[in-house]
Amino acid sequence: MPQQDPAERRVVVTGPPRRTRRTFGYYRPRTEIDEQTTLGHTYVRSLMRTQLRAALTVFAVLVLLVGPLPLLFAAMPDARRLEWAVLGFGLYAPLVLLARWYVRRAERNERDLVRLVEDR
């Protein structure tokens, strides 16, 4: 075996790679939303639809809860104290619970969208 001359040795220099990875097949839902593509529009429309569904649910419960009260009050004209008690105290707790449910539902819908966008 012939010996190599020390001057002919190869030196390996490490550094940052010269080539960058291609990102053609890389899926980015966040850029889909930012660039307002069809898929991004679908994501946003889906979030808006779920938020609207939650709002309509709250509105329907509110109508069912508060809507019959004028008829009830008209049926009992002598019960002024009962009217104020129902309006002042009887509706407060259900309205607070309804508002709390709506806020939690809206936040959960947004978290679900973020989880969907971040996981892919």
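Per-structure values
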{"quantity": "Hey, residue 69 closer than 29 Å to residue 51 by Cβ and over 26 Å from the mean Cα position of the chain (by Cα) or not", "calculated": "yes"}
{"quantity": "Matching residues in segment 75-91 - criterion: being under 25 Å from residue 51 (Cβ atoms) and exposed (fewer than 11 other Cβ atoms within 10 Å of the Cβ)", "calculated": "none"}
{"quantity": "Residue identified as more than 30 Å from residue 47 (Cβ to Cβ) and either open to solvent by 80 Å² or more (accessible area, probe 1.4 Å) or out of contact with any helix residue (DSSP H, G or I) (no Cβ under 6 Å at 6 or more places or on another chain) (or both) among 69, 116", "calculated": "69"}
{"quantity": "Filter result (within 18 Å of residue 62 (Cα to Cα) and not in a helix (DSSP H, G or I)) within segment 78-95", "calculated": "91"}
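The values are calculated or read from the model by the stated rules, or taken from the named source; none is laboratory data. This structure is a prediction, so every number in the text was calculated from the model and none was measured. All Cβ positions, glycine included, derive from the backbone under ideal geometry; neighbour counts span all protein chains shown. Remember, those area values only see protein heavy atoms, side chains included, never the ligands or the DNA or RNA. Shrake-Rupley method; radii C 1.70, N 1.55, O 1.52, S 1.80 Å.
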